[in-house]
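Down below is the structure, laid out as structure tokens.
The values are calculated or read from the model by the stated rules, or taken from the named source; none is laboratory data. Keep in mind it's a predicted model, so treat the numbers as computed, not measured. Ideal geometry is used to build each Cβ from the backbone, glycine not excepted, and the neighbour counts take in all protein chains shown. Surface accessibility is based on the protein's heavy atoms, side chains included, excluding ligands, DNA and RNA. Shrake-Rupley method; radii C 1.70, N 1.55, O 1.52, S 1.80 Å.
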Amino acid sequence: MLSKFKMKMKEPAFKKKIMIYAAVMAIFWAKMYFIQGGIFTLDIENANEAAILAFNPLSSIFLLFGVGIMLAGRKGLLATYIFGSLLLYVNVLFYREYSDFLTIPMLGQAANLAGMGGSITKILSATDVFLFVDVLIAAFLLFYLKPERFQSFMPKRKEGLILAVIAIPLFLVNLGWATTERTQLLERAFDRNMLVKYIGVLNFHAYDIVLQGQTEAKKTFADSNELSPVLNYINEHKTKPNSEMTGVAEGKNVIALSLESTQTFVVDNTVNGKELTPYFNDLKEEGAYFSNFYHQVKQGRTSDSEFLLDNSLYGLNRGAAFFTHSGNEYQATPEVLGEKGYFTSTMHANDETFWNRNVMYDSLGYDEYFSKKDFNVTEEKSYGWGYLDEYFFSDSLDKMEQLEQPFYNKMISLTNHHPFTLPEEKKFVEEGNTSSETLNRYFQTIRYQDEALKQFVEEFKKSDLYDDTVLVIYGDHFGISENHKQAMGEYLDKDINDYEQFQLQRVPLLILGEGIEPQENDTVGGQIDLRPTLMNLLGVKDENPVQFGQDLFSENRREMMITRDGNFANEKYVGVNGNCYDRETGEPVEEGEACAPGFKQAEEELALSDSVVYGDLLRYLDEIEMIEEKDTSKDKK
């Protein structure tokens with residue numbers, strides 16, 4: 001057999017076929033290398049990492065094209081070439097928007113794309129056509145032969161199988177090489193940039209499929225025993241809320257106003273000599289303003305911020321719990337307050353199915369959801385993503401004045417959303433003059449949002465609701481991604497390193513209401529702390545023991561904020577991507593172990609929160625309570 005293969009290799013047609021296959025694979029390798037190294041921001045730190053980046057496409061190329069050849073020869077090879085090219089390009093578009101890569105759960109959120117028309121057109125580029133020129137070259141190489149010579153390209157399963165088998169040792173070499181730079185690489189699935197840097201984007205997708213299978217299995221095989229380590233951890237880190245603030249807003253309404261894509265760097269800042277948030281700058285002097293408050297969202301963006309607010313659980317690293325786990329059992333803020341006599345509602349002038357809200361809100365216990373169909377949305381009052389904030393705020397206030405009291409109402413604004421466009425008459429400041437058009441436009445939508453906020457709050461102050469309501473205003477997530485580091489550096493006049501990029505993830509939080517003294521609080525906190533803070537202000541005993549947040553007013557609270565990436569900030573340090581910085585100065589900390597406890601705690605806390613969501617463990621809370629009651633009764637005997 002070996003001699004026959006050697007003889008075959010000497011045949012001119014076979015040699016030509018192998019050369020064409022090799023050329024096609026080399027072209028695709030060059031494309032992957034360009035996209036991974038030139039378009040994705042993967043932070044190559046040394047020559048070894050650069051070499052790994054060049055090597056890692058090979059195993060996925062051999063596997064992809066091997067399967068194609070096994071199935072249909074040259075046609076199969078071209079089909080897999082086109083498939084691979086499209087997958088790469090979709091990742092390019094997604095990365096431009098979110099600085100992240102597609103995952104299987106995100107594919108389930110395809111319904112959201114219907115509302116992203118403006119954003120998609122902004123992230124498309126005319127030069128993207130060059131990312132598909134190679135497809136034409138590959139087609140030419142595979143199909144240039146005359147019809148009578150196509151026989152040599154008939155499907156050859158052995159040839160495809162050989163390529164697919166070669167992919168296995170190539171990947172093992174890749175993985176072993178990568179672990180010389182990053183140990184436990186595959187365990188750090190939350191850092192997708194790192195995974196793509198070391199194993200390549202196509203291998204990442206294959207690994208993501210494996211993770212999805214593991215995720216599905218977690219709920220199937222979960223049991224009540226898995227709650228014990230969660231409860232033990234939470235009890236170990238629990239701190240008492242501020243007793244002086246307990247019940248200061250008892251019986252009052254709550255309005256939680258989520259400001260779209262609003263980051264703290266715009267507060268007290270200017271563009272072209274004009275304030276970006278003049279009204280908010282004054283308003284924050286009237287309540288409790290938190291200057292070191294961070295968003296903690298991931299792929300779920302605004303829905304993640306809602307999940308954090310209502311559950312004091314972390315959102316997921318892959319996809320959005322609003323989609324993937326909307327059928328879970330929750331004991332969320334609206335459900336708990338509903339049991340205390342509150343009417344609970346949420347208002348957002350988008351399609352009711354966006355982020356699967358119409359399903360998830362039922363699971364969270366909301367009494368009513370006011371969506372796009374419930375507002376007076378007209379073409380004249382809309383732009384970009386839809387209903388302009390000024391009209392949404394006005395309509396929402398009218399609706400709230402008709403609600404049964406006390407109520408808990410969540411409002412989600414919309415206008416300050418990528419691609420950050422406005423009609424000319426709504427632009428109150430000139431565009432910025434940085435190298436990023438996105439950032440330049442962002443200044444204008446932020447300024448518009450502030451004007452709409454002014455209109456809302458001033459009308460709110462005149463209403464009968466004002467004296468009986470706590471108003472919570474917070475940013476939901478970043479608006480300017482790390483893809484705009486250069487422009488942010490130009491605007492802020494500083495180098496945007498990992499520390500500075502981390503600090504840019506701060507979002508404003510302001511709590512206004514009778515009994516809440518004006519103050520600027522610099523405690524380190526995040527969106528996961530909102531629920532316990534609100535419950536303490538309302539004087540509501542929260543029976544759900546599975547919460548990872550703590551009262552932001554507590555004098556004894558742990559100053560610890562954990563991001564979904566496994567990074568953290570505490571009272572002394574900021575830990576980012578394995579590096580340690582002094583929180584106050586931003587200077588690197590030389591003691592290598594200073595941030596080790598923080599990283600360890602972040603990893604543990606995220607894993608425990610994930611176990612709750614993936615395993616749907618809150619369904620076992622009643623069972624746990626029954627066991628405790630039974631044990632207590634035995635003790636009494």
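Data overview
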| read-out | value |
| --- | --- |
| Segment E425-A206, extension gain: residue separation times 0.36 nm, minus the distance between their alpha carbons | 74.0 nm |
| Of K372/K462; K372/K427; K461/K485; K240/K372; K373/K427; K31/K158, pairs whose Cα-Cα distance is over 29 Å | K461/K485; K240/K372 |
| DSSP-defined antiparallel bridges as percent of all bridges, the chain, nearest 5 | 45 |
| Value of relative contact order over the stretch 530-581, rounded to a whole percent, pairs C-alpha under 8 Å and six or more apart | 22 |
| Cβ-based net charge around Y408, under 12 Å, with every Lys or Arg adding one and every Asp or Glu removing one | -2 |
| Accessible area of the stretch 520-634 belonging to carbon and sulfur atoms, whole % at 1.4 Å probe | 45 |
| Zero-based 10 Å bins, Cα pair distances in the stretch 285-365, whole percents | 17, 45, 30, 8, 0 |
| Around S554: net Lys/Arg minus Asp/Glu count, Cβ-Cβ under 11 Å | -1 |
| FRET E, pair L107, K218, Förster distance 25 Å, beta-carbon r, rounded to 0.05 | 0.85 |
| Degrees separating the helix 201-221 axis from the principal Cα axis of the chain, which is the longest one | 50 |
| Convex hull volume per residue in cubic angstrom - Cα atoms of the stretch 489-601 | 128 |
| The stretch 231-333 shape via C-alpha gyration tensor axes, a/c threshold 1.5 | oblate |
| MRE, 222 nm, helices only [DSSP H, n ≥ 4, -39500 (n - 2.57), over the chain, to nearest 500] | -15000 deg cm²/dmol |
| Chain lengthening between Q405 and F130 when straightened (0.36 nm per residue, less Cα-Cα) | 93.1 nm |
| Neighbourhood charge, 15 Å Cβ-Cβ cut-off, centred on G539 and excluding it, Lys, Arg +1 and Asp, Glu -1 | -3 |
| Solvent-free Debye scattering, log10 I(q)/I(0), computed from the Cα coordinates of the stretch 444-520 at q = 0.16, 0.26 Å⁻¹ | -0.78, -1.26 |
| Probe 1.4 Å, all protein chains present, accessible-area order of M70, M245, M488, largest first | M70, M245, M488 |
| P(r) of the stretch 171-275 over all Cα-Cα pairs, binned every 10 Å from zero, in whole percent | 10, 18, 18, 28, 19, 6, 0 |
| Kirkwood Rh (inverse of mean 1/r, distinct Cα pairs), the stretch 327-403, angstrom | 13.5 |
| Gain upon complete extension [E559, K15; 0.36 nm per residue less C-alpha separation] | 189.2 nm |
| Phi-based couplings in Hz for the stretch 556-573 (Karplus 6.51, -1.76, 1.60; Gly and Pro marked x) | 9, 5, 6, 8, 8, 10, 10, 8, 5, 7, x, 8, 7, 9, 10, 5, 10, 10 |
| Prolate/oblate/rounded label for the stretch 396-510 (Cα gyration tensor, a/c 1.5) | prolate |
| Computed FRET value (nearest 0.05) for I166 with Y466, which takes r as the C-beta separation and R₀ as 60 Å | 0.25 |
| D (Stokes-Einstein, µm²/s), Kirkwood Cα radius, the chain, 1.002 mPa s at 20 °C | 80 |
